[in-house]
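Heads up, the thing below is written out as structure tokens.
The values are calculated or read from the model by the stated rules, or taken from the named source; none is laboratory data. Given the structure is predicted, the values throughout are model-derived calculations rather than measurements. FYI the Cβ positions are ideal-geometry reconstructions off the backbone, even for glycines, and counts take in every protein chain you see.
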Amino acid sequence: MYVKKFEDLSKDDLGIAGGKGANLGELTQAGIPVPPGFVVTSKTYDKFMRDTGIFSKVMDILDQVDINNTKELQEAAEKIKAIIIETPIPDGISTYITEAYNQLSERVGEEDGADVAIRSSATAEDLPEASFAGQQDTFLHVQGLDNVIEYVRKCWASLFEARAIFYREENNFEHSQVYIAVVVQQMVDSDKAGVMFTVNPSTGENIALIEGSWGLGESVVSGSVTPDNYAVDKETNEVLNVTISDKKTMFTNEEGGTSIQVDVP
């Protein structure tokens with residue numbers, strides 16, 4: 001299956017939906033209010049790379065690069081990304097993306113096309129022995145079918161960012177065995193947003209940590225502000241600790257479908 005809705009995915013679909021996609025499916029099936037969307041699966045990426053003939057070109061470039069030569073590595077990464085971004089998606093693949101996006105647009109009542117986030121979801125994103133999270137790209141406020149297809153390609157291309165190539169080489173992951181899915185999800189124009197860790201990422205303590213700030217969640221995940229922090233006991237829901245930070249900036253929507261950093265009103 002080349003495209004799957006969140007409600008058709010679960011944690012068992014890590015191999016085709018990646019970490020983000022599988023978890024969004026799990027949350028949706030659990031009845032948690034998740035903005036709707038779909039996943040362009042890793043099978044779609046694989047078919048695109050092989051049907052267009054660029055898989056072998058990319059592997060040839062990677063076979064020749066010296067990852068310890070920063071300039072050479074960066075040039076190889078840019079060359080690979082350009083190949084992927086400039087290669088049209090065959091009709092046999094783009095049709096599935098078109099149908100899924102049109103259905104999502106109808107579902108959320110957007111005649112001009114749903115305003116979506118397009119997020120990479122690598123199939124090796126969060127493994128016990130390694131973490132690929134944060135190495136690939138996310139694009140916010142993408143609207144219109146042509147733009148969606150363009151940014152899906154850009155997500156695929158981000159699998160070959162220089163930092164991602166270096167990390168895989170250093171950790172003995174075969175480039176040919178790491179695939180990428182792409183999450184396409186309705187954007188939420190949030191007043192405040194954040195991230196929750198279900199275990200303390202620093203200590204491993206079994207408490208929930210919530211970090212939040214004004215505007216879009218980009219402020220938190222990019223590290224552009226020091227967010228508010230809440231520690232919560234997962235069994236009793238007791239708030240154990242609260243730290244409120246001075247958050248001077250925030251990300252918000254700009255007309256035309258991009259996000260910008262502004263001063264907090």
### Query
Quick one: in region 3-17, which of the residues that are within 18 Å of P35 (Cα to Cα) and in contact with a Ser or Thr (Cβ under 7 Å, 6 or more places away or on another chain) is surrounded by the most Cβ atoms within 10 Å (Cβ to Cβ)?
A17
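Given the criteria among the aromatic types (F, W, Y), modelled with pLDDT under 95 and farther than 24 Å from G15 by Cβ, does F197 qualify?
Here the answer is yes, as F197 does meet what is asked.
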### Query
Within region 34-42, can one find any residue that is in contact (Cβ under 8 Å) with a residue 40 or more places away in the chain and of a type in the set (S, T, N, Q)?
yes
### Conditions (1) basic (K, R); (2) touching a residue at least 60 places away in the same chain (Cβ under 8 Å); (3) in contact with a strand residue (DSSP E or B) (Cβ under 8 Å, 6 or more places away or on another chain); (4) more than 19 Å from S158 (Cβ to Cβ): number failed by K20
(4)
### Task
For region 67-74, state whether one or more residues are hydrophobic (A, V, I, L, M, F, W, C) and either over 18 Å from I118 (Cα atoms) or modelled with pLDDT under 95 (or both).
yes
